[in-house]
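Notes for the one structure printed next.
What follows draws every value from the coordinates through simple rules; no lab data is involved. From a predicted model like this one, the values you see are computed outputs, not experimental measurements. Cβ atoms come from the backbone with ideal geometry, glycine included; neighbour counts cover every protein chain shown.
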Amino acid sequence: MAALVLPPDESDRHKINTAINQLAQGRSNAVGTLTLVANVAITVVAAANCGAGSVVLLSPLTAHAAAELGNGTVFVSAVANGSFTLTHANNAQTDRVFGFVAIG
């Protein structure tokens, strides 16, 4: 789930407390889902909260994604402001779906 985003000049204590509580409950705007592109060996993922120094963690959401991870054929090959790149097996599977979090 997404966390409440406040403007820098927010003064409403209830909104500020809600945002802090959501963070403490594990909500984050640094998460998303992705599907590896079929028939190519790289997938570029747009991730607005990703920064050049972020660490990207993947969690497989389908059996083919779990196999890709288990085989060691998917890895984060580049991280930039606003995106990251995955290098992976080049095959026709269209259901290699992952959840991700980009921290940092």
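Each of His88, His64, His14 was scored by other Cβ atoms within 10 Å of its Cβ. Arranged with the fewest first, they read His14, His64, His88. Between 0 and 90 degrees, the angle of helix 13-24 with respect to the longest Cα principal axis of the chain falls at about 30 degrees.
Using the Karplus relation 6.51 cos²θ - 1.76 cosθ + 1.60 with θ = phi - 60°, the per-residue 3J(HN,Hα) values for the range 44-52 come to 9, 10, 6, 9, 3, 8, 7, x, 4 Hz, with x marking Gly and Pro. Less than 5 angstrom separates the built amide H of Leu58 from none of the residues sequence-distant by 5 or more or on a different chain. Paramagnetic label reach from Ala52 (point 7 Å along Cα→Cβ; backbone nitrogen cut-off under 13 Å): within the range 78-92, residues 79-83.
With neighbour counts taken as other beta-carbon atoms within 10 Å, the residues Asp12, Asp95 rank, fewest first, as Asp12, Asp95.
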